Amino acid sequence: AENGAVRLFYDGNEKLKTHDYGVHINGYLTQYQVPSFRAGRQSSNQNVNANDTIIFNQASGSLKHFNNGNHYSTSTGRFTAPKDGVYHFWCLIIFQNVADNTNMTDSFDLYVNNTQIAYSSRRAFADVGSTMQSFYFTDWLGCTIKLSANDYVYIRNKHNSQVIHDNDTYTTFQGFLV
């Protein structure tokens with residue numbers, strides 16, 4: 001580009017909308033209106049059984065919670081992709097009142113529509129003083145996936161009868177269009 005002008009390219013399949021992008025004074029390209037969210041579990045624990053959807057019920061109203069585009073539902077626990085693209089998701093869950101020696105291997109899964117795409121990262125039995133503290137067990141998941149418009153993504157509990165702790169800083173689900 002000449003004289004500080006910015007040239008933007010696209011692959012011909014989708015036109016670049018100029019109102020979706022901004023250029024910072026130092027030349028950084030920034031995106032506005034990017035589908036993204038960070039939701040937490042707040043105000044009450046959630047009791048879940050095997051295969052139940054884990055609901056992150058707080059997605060607005062603070063610095064740590066947001067729902068750009070309103071594509072995450074705090075009632076269903078689903079993020080619905082507004083457009084085709086590559087998305088990144090991250091989830092951290094703290095389970096409460098986990099009995100000593102409970103199998104917590106891969107304690108939750110990430111689903112797209114009704115298909116398991118990824119499972120959480122921790123492979124462990126709950127062990128007081130080793131893999132958990134004060135009967136709290138944590139597990140996490142990170143995943144980058146290609147979605148089509150209207151695909152939905154959610155987190156599902158894997159093991160029988162668990163309590164999801166209502167710490168909205170620690171128990172979070174988040175994602176964004178890359």
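Below are the figures for this structure:
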quantity	calculated
Square roots of 5 times each gyration tensor eigenvalue, C-alpha, the range 65-107, largest first, Å	30, 13, 9
Relative contact order %, the range 32-154, counting alpha carbon pairs below 8 Å whose residues are six or more apart	27
Per-bin percent of Cα-Cα distances, the range 111-172 [5 Å]	3, 13, 21, 24, 18, 11, 6, 3, 1
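Laboratory data are not the source of any read-out in this text; all were calculated from the coordinates shown. All values reported here derive from a predicted model rather than from experimental measurement.
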